[in-house]
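Visitor: If you scroll down you'll find the structure; I have some questions about it.
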Amino acid sequence: MRQLKSAEEMPGSYGLPILGETLEIFQDSELYLWRRFQQYGSVFKTSVMGRKRAYLIGPDVNRLVLVEQAEHMSSRIGWYFLESTFGNNILLQDGEEHRLTRRLMYPAFHGKAIATYFDTIQNIVQDFLKDWGQKTIPLNSSFRQLTLMVATRLFLGSQNKSEVEQTSQ
């Protein structure tokens, strides 16, 4: 079994004190990640706004983190800033708590269940897109709304826009 290196042993740089490599990342995060990947490989360290981070890119290192070394990792620490918005959801859970929640949610995301969602999703998307026409569309908020509509219909059984809006609130 492969082992993760300590932060000090990882290739990469923490950049400037406090600021780290924040400016470069926010300027163009995809280009930043591509350059670091080319320079250091699939695992490297950096610092963003005073917080040290490790980037792990690709299936091999993700398997290492999510499967082989999962007991040494914490989603809660990595995604701490989401807790005030989303509460203690599965993304923030670790260890046994995560396993139990995942086991409860598994039936809804099993291949057979997902296959039954196709027609519903297709209908929702077609209804959603018919009002777009030739106007400018804010894609980020529109796709967030569409995702919420699909999830609300499939997992909560809500059928109308007012129920979706209530769920959104």
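Visitor: Check Thr147, Thr136 and return the single one that is open to solvent by 70 Å² or more (accessible area, probe 1.4 Å) and either aromatic (Phe, Trp, Tyr) or within 18 Å of the chain's Cα centre (by Cα) (or both).
Guide: Numbers: Thr136 fails: either aromatic (Phe, Trp, Tyr) or within 18 Å of the chain's Cα centre (by Cα) (or both).
Just a single option satisfies the conditions, and that option is Thr147.
Visitor: Still on this structure, please answer the following. Can you tell me how many residues within the range 33-65 are more than 18 Å from the chain's Cα centre (by Cα), within 23 Å of Tyr80 (Cα to Cα) and of a type in the set (Phe, Trp, Tyr)?
Guide: 1
Visitor: Condition first: open to solvent by 70 Å² or more (accessible area, probe 1.4 Å), part of a strand (DSSP E or B) and either at pLDDT 85 or above or hydroxyl-bearing (Ser, Thr, Tyr) (or both). Can you find one or more residues in the range 39-52 that meet it?
Guide: yes
Visitor: Restricting attention to the range 71-101, and to residues there that are in a loop (DSSP other than H, G, I, E, B) and of a type in the set (Gly, Ala, Ser), which single residue is modelled with the lowest pLDDT?
Guide: So in the range 71-101, the residues in a loop (DSSP other than H, G, I, E, B) come out as 73-74, 79, 87-89, 93-94.
Of the ones still in play, those that are also of a type in the set (Gly, Ala, Ser) are 74, 87.
Numbers: Ser74: 84, Gly87: 81.
If we take residues in the range 71-101 being in a loop (DSSP other than H, G, I, E, B) and of a type in the set (Gly, Ala, Ser), then Gly87 is modelled with the lowest pLDDT.
Visitor: Restricted to the range 102-119, and to residues that are among the aliphatic types (A, V, I, L, M) and more than 14 Å from Asn89 (Cβ to Cβ), which residue is modelled with the highest pLDDT? Break it down stepwise before answering.
Guide: Step one: of the range 102-119, the residues among the aliphatic types (A, V, I, L, M) are 104-105, 108, 113-115.
Filter once more, keeping what is more than 14 Å from Asn89 (Cβ to Cβ): 108, 113-115.
On the way: Ala108: 79, Ala113: 82, Ile114: 82, Ala115: 85.
Only one residue fits best here, namely Ala115.
Visitor: Give me the residue from the range 1-32 that is acidic (Asp, Glu) and within 20 Å of the chain's Cα centre (by Cα) and, out of that set, least open to solvent (accessible area, probe 1.4 Å).
Guide: Asp28
Visitor: Between residues in the range 68-80 that are over 11 Å from His98 (Cα atoms) and in contact (Cβ under 8 Å) with a residue 12 or more places away in the chain and residues that are surrounded by 15 or more Cβ atoms within 10 Å (Cβ to Cβ) and not aromatic (Phe, Trp, Tyr), which pairs lie under 6 Å by C-beta distance while being six or more apart or on different chains?
Guide: Gln69/Leu4; Met73/Val65; Trp79/Leu92
Visitor: Taking the conditions exactly as written (of a type outside the set (Val, Ile, Thr) and modelled with pLDDT under 85), does Pro138 satisfy them or not?
Guide: Values: of a type outside the set (Val, Ile, Thr): yes; modelled with pLDDT under 85: yes.
The answer is yes for Pro138.
The values are calculated or read from the model by the stated rules, or taken from the named source; none is laboratory data. Everything numeric here is computed off the predicted structure, so don't read it as measured data. With ideal geometry, Cβ positions are generated from the backbone for all residues, glycine too; neighbour counts draw on all protein chains shown. With ligands, DNA and RNA removed, areas are computed over all heavy atoms of the protein, side chains included. Shrake-Rupley method; radii C 1.70, N 1.55, O 1.52, S 1.80 Å.
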